[in-house]
Structure formats: C-alpha cells, structure tokens
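The block underneath contains the structure these notes are about, expressed in structure tokens.
The values are calculated or read from the model by the stated rules, or taken from the named source; none is laboratory data. Just so it is clear, the model here is predicted, and its values are computed rather than measured. Virtual Cβ from ideal backbone geometry, glycine too; neighbours counted across all protein chains shown.
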Amino acid sequence: MTTARAYAATSATDPLTPTTIERRPVGPHDVLIDIAYSGICHSDISTVRGDWGPAAYPLVPGHEIVGTVAEIGSAVTLHKVGDRVGVGCMVNSCRECANCLAGQQNYCLNGATYTYGSTDRDGTTTQGGYATQIVVVDDFVVRVPDSIPFDAAAPLLCAGVTTYAPLAHWNAGPGKKVAIVGMGGLGHMAVKFAHAMGAEVAVLSQTLSKKDDGLRLGADHYYATNDESTFADLSNTFDLIINTISAPIDTWSYLSLLTFDGTMVNLGAPAEPLPVSVFALMGNRRSLAASAIGSIAETQEMLDFCGEHGIAADIELIDAADVNAAYERVLKSDVRYRFVIDAATI
C-alpha cells in the first residue's frame, strides 16, 4: 500500500481538511502517479455537498489530475516511469457492455468507476486527486503533451474533454455557427476549442462583464442574455449551442436560437429538471441533447489537439490550504477560469 497525503470532505457541511489515505498496491496493469496538480471542478463541490445525492465520507474529490509516472505494473506497456500523464473522471469501467466495447467507457451501461465516490473493483470507495499520489489502471491513464504547461493541463481532463467531445461529435468547424452558453470553467474551454476548429463562435452570457476575455479567447461575438433584444435578434441563427451552465434556463428561448436541424447540447447538470416544450423543437426540426465527459480515446485526442494548437486552461494556481475559500469563490463565479491545486502543498 502507498500512503498519500490528501484533502478530504468529512461531511456535506464541514470544510475539507488534511488527511492521509491508502492507495492500493501497484498491480500488473496499474500505474502509480505522483500528482503534480489537480483542478477544482464545480462537480467536486456538488458531490461533496450532497447536491446530487448522499456521498460516502470521508471523500477526497478531484478528477482533473496531472502528474508523473512513479511506478508501473509488470504488464504495463502504455506508460513508463517519468511520463507526464493525466487522469480524468473515470478510472475503470465494466469493459464488457456494448458501449465499453465500442470505446465509449463514459457511457458504460453498468456504470463507469469514477475517480472519486465510486465503488472500486476491490469494494473500497475511490478517492480522487486532491492528494499526492494515485494508482490507476493503465488504459485509463492518458499522455499529456510536453507543449502544454503542466498546471494548466489539469482542467483539460474534465473541463477540456467535456467541451471538446460534443464539439467534435456535432462537427463544429468551418461554416458552422456555434454559441457557447456561459463563460466559466467549461465555457472558456469551449470557446477555445470551437475557435480552433474553425467555427464562427458566439458567447451567450448573462452580462458583458467577461466580453474582453471572450473575444481574447477566440469568440467572434459576445451577447448579454439579460438584454431582452438578444433572443429576438439571434432567432434561427446557430447550428450548435453548447450549454455549459449548471442552472435552470429558459429552454424555449435558447432553442429558438437554433437554425434548421440545429442542436443544443447540455453539459451542465442542474439539480432541477429542465422544462422543455416539444413545440420549440418542432418549429425548426431542432434537437435537444446532452453529453457526458468523454471517452478515454476522446480525452487523448483532445490533449493531442491542445498540444498541436497551443491550447490550455486559464487558471488560478492555489495552495491546498486555500481549497475551501476556492469552493466559495467558484459558487460565486469568482474565478478566471479554473482553480488548480498545487499538490506539492498538500
């Protein structure tokens, strides 16, 4: 067993505190990673505070992990000691269902094993990346290109692939008009990806407070949704809308912005159901869809795309002792645009 230092939630209401956890011994197909950086995702907060249901405490969050391979199992061929690697939202899946066999582990019909809060193959609860080390099965570990700054690579393992996968799947590119709803941790990555793919990119945000950032990151247009004229002016405009926010929205208004055969894809996961009018879909043969993170192959494809196009997350690097203050700032949308914990401070 490997003893790792970590920060854990002990209840839905208490602050995260320092602790130690035991990582399993390195098996034949395992990789031991010395964690360098771990991003803070809004879903970390939702999970530890019980927004999506009861959590098993103590719980170490974190599924935006980058680090260096410290040890490999006897059967590992994909990675070697010293490699720059990453771990995202999953650390295993059933490997037997139709979706897993098709390489879509994130849609495992028997439930993927998530990086924290899941039941692992040995019956223990998985513990995430707010820690100094982690052990992960080799084919759920991805390579991080040398050209990506290591700290700014961490959010790519969730925020990155979560936005890249639907943009790639729905063919964002030249000749397509893409709208990004929200300019937060996911939204700022979606802008970068859609721009690099060659699409015409618009941001739909509540206000114009982040307009300069949006245009700097690659948006061609930036609109305030609190302006009543926005929805009327942009009616029947976009081929694809990527909704990154985890709060209820007026779906009718946003669907009205889609052109013929356009699609709105929801990435955020609000606790409340979203009301949908069939008439809003019928009007222009529109589609409403959702997308969940990305497969291991999509994650590697995204990282390689970032390496080729010079893309990384915009981050605020923090010490582990500041994690609780960072949580409060995330809830206030007071971060540009992702907090990353320096694991050396844990």
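Take V76 and tell me if it is assigned to a strand (DSSP E or B) and surrounded by 14 or more Cβ atoms within 10 Å (Cβ to Cβ). Lay out the reasoning, then the answer.
On the way: assigned to a strand (DSSP E or B): no; surrounded by 14 or more Cβ atoms within 10 Å (Cβ to Cβ): yes.
No: the conditions fail for V76.
Residue-by-condition table, conditions (1) part of a loop (DSSP other than H, G, I, E, B); (2) surrounded by 18 or more Cβ atoms within 10 Å (Cβ to Cβ); (3) in contact with a Ser or Thr (Cβ under 7 Å, 6 or more places away or on another chain):
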{"site": "A12", "(1), (2), (3)": "yes, no, no"}
{"site": "P25", "(1), (2), (3)": "yes, no, no"}
{"site": "V31", "(1), (2), (3)": "no, yes, no"}
{"site": "A36", "(1), (2), (3)": "no, yes, yes"}
{"site": "T47", "(1), (2), (3)": "no, yes, no"}
{"site": "G50", "(1), (2), (3)": "yes, no, no"}
{"site": "P54", "(1), (2), (3)": "yes, no, no"}
{"site": "V66", "(1), (2), (3)": "no, yes, no"}
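Is it true that some residue in the stretch 226-244 is in contact with a Leu (Cβ under 6 Å, 6 or more places away or on another chain) and not β-branched (V, I, T)?
Yes, because at least one residue in the stretch 226-244 is in contact with a Leu (Cβ under 6 Å, 6 or more places away or on another chain) and not β-branched (V, I, T).
Tell me, please, whether a residue that is outside the structural domain of T115 (by TED's automatic domain parsing), buried (at least 17 other Cβ atoms within 10 Å of the Cβ) and not β-branched (V, I, T) can be found in the stretch 227-236.
Quick first cut of the stretch 227-236, residues outside the structural domain of T115 (by TED's automatic domain parsing) only: 227-236.
Subsequent filtering for residues that are buried (at least 17 other Cβ atoms within 10 Å of the Cβ) retains 231, 234.
Pick out the ones that are also not β-branched (V, I, T) and you get 231, 234.
Yes, the conditions are met somewhere in the stretch 227-236.
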Considering S291, S295, which residue is under 30 Å from A98 (Cβ atoms), surrounded by 16 or more Cβ atoms within 10 Å (Cβ to Cβ) and in contact with a Gly (Cβ under 6 Å, 6 or more places away or on another chain)? S295
Scanning the stretch 310-341 residue by residue, those part of a helix (DSSP H, G or I), among the hydrophobic types (A, V, I, L, M, F, W, C) and under 19 Å from the mean Cα position of the chain (by Cα) turn out to be V323, A326, V330, L331
Picking from I245, I249, I241, which residue would you name as being out of contact with any Pro (no Cβ under 9 Å at 6 or more places or on another chain) and among the β-branched types (V, I, T)? I241
I need the full set of residues from the stretch 260-279 which are farther than 22 Å from S93 by Cα, at pLDDT 90 or above and surrounded by 15 or more Cβ atoms within 10 Å (Cβ to Cβ), in order please. G262, T263, M264, V265, N266
